[in-house]
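Could you have a look at this structure, given as structure tokens, before my questions?
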Amino acid sequence: MNGVMKMSSFGAWATAAAAILWMAAGLSACGDKGKQGAAVSRPVVQDVEVVVVRPVPRETTAEAPGTVRARTTAAVAPQVMGRLTGVAVSEGSVVAAGALLATIDDTTVRAQLSSAEGAVAEADAAREEVDRTISQAEAGKTLAEKTFERFRKLLEGKVVTQQEFDEVEMRRTVAVKDLERAQQKRVQVSARIAQARGQADAAKAMLAWARVTAPFAGVIVEKRADAGSMAVPGVPLFVLEDPRRHRIEASVSEAYLPLLKKGAPVQVILDADPGKPFSAVVTEIVPAIDPVSRTFTVKADLPAGRARSGQSGKVRFAAGKGTVLAVPKRAITRAGGSDGVFTVGALDNVVRLSMITLGAEFDDRVEVLSGIEDGARVALSPIGKLTDGARVEVRR
């Protein structure tokens, strides 16, 4: 009897345990189904207009990196050696043409100028003395010639002896020699005067060079020395540029050398403001090819006030006819400071945000340089309702 009761109790316990396990399994299955339902639940955007991107014919463009530089730049260097006694400007100073930039110790130069001016004064005094000597010699020669002529006639009339005539002739010869010596002395003194004045002029020039001045009006963009430094001829102390006129100098692949000519129109895109390209014209081409980079230099003048020295940018120019990928302007959206488009999957109609690199604009489209491929389906509207990962129904 007790054995039958024990068996019955065990059977009831087993039945209850099985029921509990069955309920747990059912709950687990329901939970999995809920998770799967949540995973596939996505927002659906109705009536989305799409366009299939295909290559279109147009004038192709190319770009080359460049740097903005001032059209007029000067490395201002001293012309004499000496210690800098003062520097009158700093970086960013606006200076006029001829403005004082720095001064160099001119003690030695002033001493040289004083010595040269003294030599000029001494030579001038010597010339005055020589001029008096020449005047006296000319008077003596005139008198000797007149006396000689008178004694020659007297000798013919046998009024004077030959000896007396010879003495007069000798005095005339001496007078002529005295005048010649005086004239030669004047030539020597004139040479001394010219030399002394040349030394004085050189000293004055060196004295002027002790003042380092601006060769043209501009802005000091670099200062390389301070008061107390040694100035060395030919070693720049400042870099001065004219801020009114700039140009961009771009390194262009040698493949485009036949295409670019002086006067050709280009577009300039500054990295600091890529959304505002502006037009420019090629003003200079350096045709020599760099053997390392295989590029040549193209220079284009920029409108006043559009750039500063040292800015980086690009030069965009026509590179011949071809085909490009392009999308309508209204398909472009901005995300994280970059350009992008919403592409729609052909099989699942799921939207993906694709970041792209844009090229030149033409008509109502923009060239796409990278980011999407030929055949991509790009959403045109409603762009404001689309998000990455959303499902859409494409407009028929």
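Quick check on the chain: of the DSSP beta bridges with both residues there, what percent are antiparallel, nearest 5%?
In the chain, approximately 95 percent of DSSP beta bridges are antiparallel ones.
Over the heavy atoms of LYS314, what accessible area does a 1.4 Å probe trace out, to the nearest 10 Å²?
LYS314 exposes around 60 Å² with every protein chain in place.
When the accessible area of the chain is split by element with a 1.4 Å probe, what percent falls to carbon and sulfur?
54
Region 273-321 to region 325-370: how many Å between their Cα centroids?
Cα centres, region 273-321 to region 325-370: 27 Å.
Among all the aspartates and glutamates, which ones have a C-alpha under 12 Å from LYS204's C-alpha, if same-chain residues fewer than 8 places away are not counted?
ASP106, GLU117
Let me ask another. Per residue Cα convex hull volume for the chain, in cubic angstrom?
345
If you don't mind, another one. State the three equivalent ellipsoid semi-axes of region 127-210, derived from the C-alpha gyration tensor as the square roots of 5 times its eigenvalues, in descending order and whole Å.
Listed largest to smallest, the semi-axes of region 127-210 are 47, 8, 6 Å.
Using unit Cβ charges (K, R positive; D, E negative) and no other charged atoms, how large, in debye to the nearest 20, is the dipole of the chain about its Cα centre?
For this selection, approximately 1080 debye.
Suppose we look only past 17 Å in the calculated P(r) of region 183-272. What percent of the Cα-Cα pairs does that tail hold?
The answer is 74 percent, as a whole percent.
Next up: So, in Å, what gap is there between the alpha-carbon centers of region 38-104 and region 183-261?
28
For region 347-396, what is one quarter of the convex hull surface built on the Cα atoms, given in nm²?
Over every viewing direction, the Cα hull of region 347-396 projects on average to 4.4 nm².
Take the eigenvalues of the Cα gyration tensor for region 246-396, scale each by 5, and report the square roots as semi-axes in whole Å, largest first.
Sorted largest first and rounded, they come to 37, 17, 13 Å.
For region 265-325, count the residues as N, evaluate 2.2 N^0.38 Å, and divide the Cα radius of gyration by that value, please.
Taking the Cα Rg and dividing by 2.2 N^0.38 Å, one obtains 1.27.
What order do VAL68, VAL94 take when sorted by accessible area (1.4 Å probe), most exposed first?
VAL94, VAL68
Can you give the accessible area per residue of region 89-223, in Å², using a 1.4 Å probe?
That works out to 62 Å² per residue.
If you plug each phi of region 285-299 into the Karplus form 6.51 cos²θ - 1.76 cosθ + 1.60 with θ = phi - 60°, what whole-Hz ³J(HN,Hα) values come out, in order, with x for Gly and Pro?
10, 9, x, 5, 8, 5, x, 8, 8, 6, 10, 10, 9, 10, 10
Another question, if that's okay. What does the accessible area per residue of region 259-351 come to in Å², with a 1.4 Å probe and no ligands, DNA or RNA counted?
Per-residue accessible area for region 259-351 comes out at 53 Å².
For the chain, take the longest principal axis of its alpha carbons; what is the angle in degrees between that and the long axis of helix 2-40, to the nearest 10 within 0 to 90?
On a 0 to 90 degree scale, this one is about 40.
Please compute the net charge surrounding SER293, taking Lys and Arg as +1 and Asp and Glu as -1 over other residues with Cβ under 15 Å from its Cβ.
Here the charged neighbours net out to -2.
How charged is the neighbourhood of VAL281? Take every other residue with its Cβ under 9 Å from the Cβ of VAL281, and add Lys/Arg as +1 and Asp/Glu as -1.
Summing Lys/Arg as +1 and Asp/Glu as -1 gives 0.
Right, next: Compute the projected area of the convex hull of the Cα atoms of region 46-100, averaged over all viewing directions, and report it in nm² to one decimal place.
Seen from a random direction, the Cα hull of region 46-100 projects 11.3 nm² on average.
Give me, ordered by chain and number, the residues 5 or more places off GLU49 or on other chains with an amide H under 5 Å from its own placed amide H.
LEU380, SER381, ARG395
Right, here's the next one. Could you derive backbone 3J(HN,Hα) for region 363-372 from the dihedral phi with the Karplus parameters 6.51, -1.76 and 1.60 (θ = phi - 60°), listing whole Hz in sequence and x where the residue is Gly or Pro?
6, 10, 10, 10, 5, 10, 7, 7, x, 9
Per-residue ellipticity at 222 nm for the chain, helices alone: DSSP H runs ≥ 4 residues times -39500 (n - 2.57), over residue total, nearest 500 deg cm²/dmol?
My calculation for the chain gives -13000 deg cm²/dmol from helical runs alone.
Could you report the accessible area of GLU249 in Å², rounded to 10, computed with a 1.4 Å probe on the protein chains as they sit in the structure?
40
Work out, step by step, the length gained on full extension between ASP348 and ASP290: first 0.36 nm times the residue separation, then minus their alpha carbon distance; give nm to one decimal.
15.7 nm
The values are calculated or read from the model by the stated rules, or taken from the named source; none is laboratory data. Values in this document were obtained by computation on a predicted structure and should not be read as measured data. Glycine gets a Cβ as well: all are built from the backbone with ideal geometry, and neighbour counts include every protein chain shown. For the accessible areas, the whole protein counts, side chains as well, though only heavy atoms, and no ligand, DNA or RNA atoms are used. Shrake-Rupley method; radii C 1.70, N 1.55, O 1.52, S 1.80 Å.
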